[in-house]
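*Asks:* Take a look at this one; I'll ask things after.
Every number here is computed from the coordinates shown, using simple stated rules; none is lab data. Since we're looking at a predicted model, the values are computed, not measured. Cβ placement follows ideal geometry from the backbone for every residue including glycine, while neighbour counts extend to all protein chains displayed.
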Amino acid sequence: MGEIYDDITAFSDALPNMRPIVGLDLGTVTLGVAVSDSFMSVATPLETIKRKKFGVDAAALITIMDKRDIAGIVLGLPLNMDGSEGPRVQSTRAFARNLSRLTELPITFWDERLSTVAAERALLEADTSRKRRAEVIDHVAAGFILQGALDRIRHIKANP
């Protein structure tokens with residue numbers, strides 16, 4: 001069973017060196033997936049999984065993680081703008097608990113409040129069509145979530 005860390009420093013300490021981590025943007029309809037490089041410096045949006053039921057979603061995710069030798073999981077935490085936790089946060093925490101029963105990988109959370117806004121802005125600046133934005137927004141948002149966590153982890157490791 002994987003451990004769930006609320007503290008990113010403890011999560012960082014649990015990660016092995018030179019292996020990538022995955023970032024997830026958990027929506028009600030889709031699951032955006034991004035991966036880091038093995039140096040854990042750059043996040044790359046990977047794909048969007050159409051959600052079905054937890055077992056099917058988790059199997060698709062575990063296949064991706066096994067294929068890429070993933071070392072840890074960063075799950076976007078959809079806090080309310082005032083920082084409080086609503087029903088979507090409870091759903092995300094439940095997803096993490098259920099996923100932790102299926103993998104040994106450490107799991108942490110990253111505040112995702114502005115990730116979708118940032119992803120939308122980046123796609124608009126790239127002049128992406130509305131249809132294409134709808135197709136890629138979730139894994140681009142996962143990339144923003146993961147990049148934020150990677151930047152924090154890099155800061156932690158540089159300033160122990």
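*Asks:* From the phi angles alone, apply the Karplus equation (6.51, -1.76, 1.60; θ = phi - 60°) to the stretch 5-13 and give each ³J(HN,Hα) in whole Hz, x where the residue is Gly or Pro.
*Replies:* 10, 7, 9, 5, 5, 5, 4, 4, 5
*Asks:* Percent of Cα-Cα pairs more than 15 Å apart in the stretch 46-98, please.
*Replies:* 58 percent
*Asks:* Rank these for me by crowding, ASP151, ASP82, ASP138, going from fewest to most other beta carbons within 10 Å.
*Replies:* On the way: ASP151 12, ASP82 6, ASP138 27.
Exposure proxy ranking, most exposed first: ASP82, ASP151, ASP138.
*Asks:* OK, next. List every residue whose amide H lies under 5 Å from the amide H of GLU3, counting only residues 5 or more places away in sequence or on a different chain, with H placed 1.01 Å from N in the peptide plane.
*Replies:* The list, which skips near neighbours in sequence, is ILE107.
*Asks:* Is there a quick way to get the dipole size of the chain? I mean about its Cα centre, with the Cβ of Lys and Arg at +1 and of Asp and Glu at -1; what is the value in debye to the nearest 20?
*Replies:* On the way: 20 positive and 21 negative charges, 101 e Å.
That gives the chain a dipole magnitude of about 480 debye.
*Asks:* Same structure, new question: Going by C-beta contacts inside 10 Å, put VAL74, VAL22 in order with the fewest on the left.
*Replies:* Listed from fewest to most nearby Cβ atoms, that is VAL22, VAL74.
*Asks:* Okay, moving on. Among LEU26, LEU105, what is the fewest-to-most ranking by other Cβ atoms within 10 Å?
*Replies:* The most exposed by this proxy come first: LEU105, LEU26.
*Asks:* Right, next: Quick one: Karplus J couplings for the stretch 74-81, per residue in order, coefficients 6.51, -1.76, 1.60, θ = phi - 60°, nearest Hz, x for Gly and Pro?
*Replies:* For the stretch 74-81, the Karplus-derived couplings read 10, 10, x, 9, x, 5, 5, 4 Hz, x marking Gly and Pro.
*Asks:* For VAL35, enumerate residues with amide H under 5 Å from its amide H, sequence gap 5+ or separate chain, H modeled in the peptide plane.
*Replies:* Here the answer is GLY23, THR44, LEU46, since their amide H atoms fall under 5 Å of that of VAL35.
*Asks:* Let me ask another. Would you please give the residues with an amide H less than 5 Å from that of GLY27, counting only those at least 5 places away or on a separate chain, with H modeled from the backbone geometry?
*Replies:* For GLY27, whose amide H was placed from the backbone, the distant partners under 5 Å are GLY32.
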